[in-house]
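Participant: After the structure tokens below, expect a handful of questions from me.
The values are calculated or read from the model by the stated rules, or taken from the named source; none is laboratory data. Computed from a predicted model, the values in this text were never measured in an experiment. Positions of Cβ are backbone-derived with ideal geometry, glycine not excepted, and every protein chain shown enters the neighbour counts. Surface accessibility is based on the protein's heavy atoms, side chains included, excluding ligands, DNA and RNA. Shrake-Rupley method; radii C 1.70, N 1.55, O 1.52, S 1.80 Å.
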Amino acid sequence: MGSLDMDSMAASIGVSVAVLRFLLCFVATIPVSFLWRFVPSRLGKHIYAAASGAFLSYLSFGFSSNLHFLVPMTIGYASMAIYRPLSGFITFFLGFAYLIGCHVFYMSGDAWKEGGIDSTGALMVLTLKVISCSINYNDGVLKEEGLREAQKKNRLIGMPSLIEYFGYCLCCGSHFAGPVFEMKDYLEWTEQKGIWGVSEKGKRPSPYGAMIRAIFQAAICMALYLYLVPQFPLTRFTEPVYQEWGFWKRLGYQYMAGFTARWKYYFIWSISEASIIISGLGFSGWADETLTKAKWDRAKNVDILGVELAKSAVQIPLYWNIQVSTWLRHYVYERIVKPGKKAGFFQLLATQTVSAVWHGLYPGYIIFFVQSALMIDGSKAIYRWQQAIPPKMATLRNVLVLINFLYTVVVLNYSSVGFMVLSLHETIIAFKSVYYIGTVIPIAVLLLSYLVPVKPVRPKTRKEE
């Protein structure tokens, strides 16, 4: 494709050439992942996964991207080979250090805001994958008794070979935007073992229906995003006209700005979902005994309606960037809770801080993730009050359900302004324009919950807590 064609194509959809190149390579992960199925032998599949991922990176971001990717990959593999008992710890800190260095050096957030793109986003995904691999190899030497279910499932007893490791890291370009998956799953999928083995009935799941659904979803998300984005620019927050609006209009604009931005992520994750489904890696078991309906949860990174209609802020991490939320739960949150103790606000805040640093060292990210810890804790308090209302008073209970929903909508979209504008100055302008409502409300709710502590009436059977 000539550079002239690229220029005119990029102009027609209103993105830079760099972004267009990324999008083309990103969509190409679907056919590349499909062809994986026809590669003979295990070794062939590993080589294909690694080579196709490296080649797509080269086409999308240039040669230097693969050199960047080699750094965390080398850190992870060397730590596993040299000092197994601390391999997870070493990879975690060195991997994050390198990622932060790249974030600072490239100031990737500014580039993203201005419509540019660099390999830092892919490096983010890759860093999580090498860390989980090292931690799981580390877990392989521990006694099985004290391990949690996820640790037992994902631990690695033997050291992955170098080609397996490279295949896992770059797998058919799946490092572009996730989803993050486990080494154990990658190996079983390549070797056709575990749930990927042929079932008793000799049945393999057909990926085509699920893949077409994901591609259709991606098209809708892209169309919606391109339709909305010119109408709700982020620059509006610092324009005089915004300050002239009344409180409700400003709050409404913050909601629409957040709503608009989310469709871009929905689009990206729908495409990556399609490519992980078509390769077969996304398969996560059968829905029932009849083996008629396959589940593709491993590929799923977002539940759009779940996010937009979340009844409580606690649900957001279960629906948004699902695989990274799962990673944070397994490799940060659960590992900083002392055995026999319950996780509290500190564990939540620490996890959200790791998430913020992973995104990049911008004040907006830090503010967003501290806000989200407040938001989630406040939502839990409202949920506790809701559970404490006796079932006879169903109306009051439903009122609290509605309050929790509205609370989540307001606080989430207010907080996400920081995530979008990134600079401290712009974030504060936007927050101040609505009287810091999304910070005041959660703090007020939390203070109230200390003054009005409640004991739930009935045992918790719901999975929301």
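Participant: What's the total number of residues in region 72-101 that are closer than 18 Å to Val324 by Cβ, hydrophobic (A, V, I, L, M, F, W, C) and open to solvent by less than 10 Å² (accessible area, probe 1.4 Å)?
Facilitator: Of the residues in region 72-101, 1 are closer than 18 Å to Val324 by Cβ, hydrophobic (A, V, I, L, M, F, W, C) and open to solvent by less than 10 Å² (accessible area, probe 1.4 Å).
Participant: Still on this structure, please answer the following. Only helices (runs of 4 or more DSSP H) wholly contained in region 11-118 count here; list those with 3 or more residues that are without any contact (Cβ under 8 Å) to a residue 40 or more places away in the chain.
Facilitator: 17-36, 42-61, 63-82, 87-106
Participant: Among Phe405, Phe368, which is the only one that is touching a helix residue (DSSP H, G or I) at 6+ places or on another chain (Cβ under 9 Å), under 30 Å from Pro233 (Cβ atoms) and open to solvent by 20 Å² or more (accessible area, probe 1.4 Å)?
Facilitator: None of the other options fit; the residue is Phe368.
Participant: Among the residues of region 373-399, write down those that are open to solvent by 40 Å² or more (accessible area, probe 1.4 Å) and either touching a Gly at 6+ places or on another chain (Cβ under 9 Å) or in contact (Cβ under 8 Å) with a residue 40 or more places away in the chain (or both).
Facilitator: Within region 373-399, Lys380, Arg384, Trp385, Pro390, Pro391 qualify.
Participant: What number goes with the only condition from (1) in contact (Cβ under 8 Å) with a residue 24 or more places away in the chain; (2) aliphatic (A, V, I, L, M); (3) closer than 19 Å to Gln315 by Cα that Val370 does not pass?
Facilitator: (1)
Participant: Mind counting the residues in region 282-338 that are surrounded by 15 or more Cβ atoms within 10 Å (Cβ to Cβ), in contact with a strand residue (DSSP E or B) (Cβ under 8 Å, 6 or more places away or on another chain) and assigned to a loop (DSSP other than H, G, I, E, B)?
Facilitator: 2
So that you can scan it fast, the table gives a plain yes or no per residue for (1) small (Gly, Ala, Ser); (2) touching an Asp or Glu at 6+ places or on another chain (Cβ under 8 Å):
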position	(1), (2)
Pro339	no, no
Phe345	no, yes
Val354	no, no
Gly378	yes, no
Trp385	no, no
Ala394	yes, no
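Participant: Also, quick follow-up: Name the pairs: first residue in region 136-159 and assigned to a helix (DSSP H, G or I), second residue among the small types (Gly, Ala, Ser), Cβ to Cβ under 6 Å, at least 6 apart or on different chains?
Facilitator: The qualifying pairs are Tyr137/Ser87; Asn138/Ser87; Asn138/Gly88.
Participant: Same structure, new question: Among the residues of region 417-437, are any closer than 18 Å to Ala310 by Cβ, open to solvent by 30 Å² or more (accessible area, probe 1.4 Å) and out of contact with any helix residue (DSSP H, G or I) (no Cβ under 9 Å at 6 or more places or on another chain)?
Facilitator: Checked region 417-437: no residue is closer than 18 Å to Ala310 by Cβ, open to solvent by 30 Å² or more (accessible area, probe 1.4 Å) and out of contact with any helix residue (DSSP H, G or I) (no Cβ under 9 Å at 6 or more places or on another chain).
Participant: Which condition from (1) surrounded by 22 or more Cβ atoms within 10 Å (Cβ to Cβ); (2) touching an Asp or Glu at 6+ places or on another chain (Cβ under 9 Å); (3) in a helix (DSSP H, G or I) is the one that Pro179 breaks?
Facilitator: Among (1) surrounded by 22 or more Cβ atoms within 10 Å (Cβ to Cβ); (2) touching an Asp or Glu at 6+ places or on another chain (Cβ under 9 Å); (3) in a helix (DSSP H, G or I), the lone unmet condition for Pro179 is (3).
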